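Trainee: Okay, here's the structure, questions in a sec.
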């Protein structure tokens, strides 16, 4: 990989900026200052140092955020703020969301630039579980547990896969699904004349946001990434 491209990706700065660093001898490779922007870096073996810091190249990036309400899951939107623009790291690494949460829904949301993994994780055939906590406007009838377990027809042409409903309290239900159709959780309750007034995703795959306040985010650990890839 060219040195200027390597620096641009690891530092999150423009090619023109990193070229100045190179010309000013601020970058060393294996202990030697390099002034050629086209120098080929071996990302597996070369030690690249900038401002006394060793730089590590990562092809793919993975972040978990406890999504706040008011943000849409898109890279661009002319009306609403996007979750990708929420943090500089998300934009720097050209991340996208793995699936979507509604604008007013909070909770566990994974962002990455690994398109192949994204495609696999959002496929219903892979059975990746998503767990939601839904608050409804009226008490949840006990018989909905059996209805959810059989799958619910939410349009004339679509019936959901079987889902698990646990009634947590009078107006609160915990729903586990393996697919993510448009407004699916809300529409499942609406099929029985219940309106979801608050929706929070507690878990995506094995990733939970119990340790993250709304709006907080973190990088996934190597162990978590391996679990997602092997899942």
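Please treat every number below as a calculation from the coordinates, not as lab data. Only a predicted model underlies this, so the values are computations on that prediction, with no experimental measurement involved. Neighbour counts are summed over all protein chains in view; Cβ atoms, including those assigned to glycine, are modelled from backbone coordinates with ideal geometry.
Trainee: Which value in Å does the Kirkwood hydrodynamic radius of region 118-226 take, with 1/r averaged over all unlike C-alpha pairs and then inverted?
Mentor: Its Kirkwood hydrodynamic radius stands at 14.9 Å.
Trainee: Also, I was wondering about something else. Please arrange 119, 183, 200, 157 by counting, for each residue, the other beta carbons lying within 10 Å of its beta carbon, fewest first.
Mentor: Going from sparsest to densest Cβ surroundings: 157, 119, 183, 200.
Trainee: Let me ask something additional. According to the square roots a ≥ b ≥ c of the eigenvalues of the Cα gyration tensor, what is the shape class of region 33-137, taking rounded for a/c under 1.5, prolate for a/b larger than b/c otherwise, and oblate for the remainder?
Mentor: prolate
Trainee: A further question on this structure: Please report, in Å, the Rg and the Dmax of region 3-55, where both are computed over Cα atoms only.
Mentor: For region 3-55, the Cα-based Rg and Dmax read 9.6, 26 Å.
Trainee: May I pose another question? Report the convex hull volume per residue for the chain, counting only C-alpha atoms, in Å³.
Mentor: 148
Trainee: Let me have the 222 nm mean residue ellipticity of the chain computed from DSSP H runs of 4+ only, each contributing -39500 (n - 2.57), with the sum over all residues rounded to the nearest 500.
Mentor: -6000 deg cm²/dmol
Trainee: Also, quick follow-up: Quote the relative contact order of region 3-55 in percent (integer), defining contacts as alpha-carbon pairs under 8 Å separated by 6+ residues.
Mentor: Relative contact order of region 3-55: 33 percent.
Trainee: Out of all DSSP beta bridges in the chain, what portion is antiparallel? Express it as a percent rounded to 5.
Mentor: 95
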